[in-house]
Amino acid sequence: MKLAIYIIFSLLPLYLLYLVALYFRAHVPFIATARRYVPIIFKEVQITSQTVLFDLGCGKGDFLFEAEKYRPKEIIGVELSPLHVWYARLKAKFIKSKITFVRQDFFTVNISRATMIYLFLVKPVLDKTWVKIRKECEPGTIVITLGDKIDGEKELKEIVLNPSNPKSSRIRVYQV
């Protein structure tokens, strides 16, 4: 028992250092989407059997594992962090998930097959990603963002996640 506690407390600072290093590489902090948001998102944005869903910056894949319950045609998570991709692939194997996890900078991944893209990014990276999406994706592709707006674009929908809180997070839905 003492050894387990020692290992956990020894690894925690290393993991925090890893997250800091990852932030300086990707310019996006690791923050997972709250699972309670996913049903709200997919109540407003319908996944069909033809949906090809990409999550750019998927972390450990939590959003995608929840989205898989809605049975899209294909799910692809793209993440730069080797540790998070390793964890997501291990979990996918354990639960027999069909999600594909790609360890790559999402700015270098071909996203032209996407019919729906999920983004939970900081503003400067979100704006840069929107340029990539507009360039590579077909008209009609749905883009879901958690948090910031995409400058100069009109949302199809804006969903306040906690209406009783004026500073609540928002889901914004756009279309290419």
(request) Give the angle, between 0 and 90 degrees and rounded to the nearest 10, that separates the Cα long axis of helix 123-136 from the longest principal axis of the Cα atoms of the chain. (result) 60 degrees
(request) Would you mind counting up the charge near Lys135? Only other residues with Cβ under 14 Å from its Cβ, with Lys and Arg at +1 and Asp and Glu at -1. (result) 0
(message) Once you place label points 7 Å from the Cα toward the Cβ at Val131 and Leu12, how far apart are they in nm?
(response) 4.1 nm
(request) Please give the net charge around Glu158, taking every other residue with its beta carbon less than 13 angstrom from that of Glu158, where Lys and Arg add +1 and Asp and Glu add -1. (result) +1
(request) Go through Phe101, Leu12, His27 and say which Cα lies farthest out towards the positive end of the charge dipole of the chain; charges sit on Cβ, +1 for Lys and Arg, -1 for Asp and Glu. (result) Leu12
(request) Mind pulling the angle between the C-alpha long axis of helix 2-26 and the longest principal axis of the chain? Nearest 10 degrees, somewhere in 0 to 90. (result) 40 degrees
(request) Grab the DSSP H runs of the chain that are 4 residues or longer, score each as -39,500 (n - 2.57), total them, divide by all residues and round the 222 nm result to the nearest 500 deg cm²/dmol. (result) -12000 deg cm²/dmol
(request) Output the antiparallel fraction of DSSP beta bridges having both residues in the chain, as a percent to the nearest 5. (result) 35 percent
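Quick note: the coordinates plus some simple rules give every number you see, no bench work behind them. All values derive from a computational prediction rather than experimental measurement. Heads up, the Cβs are rebuilt from the backbone with ideal geometry, glycines too, and the neighbour counts pull from every protein chain shown.
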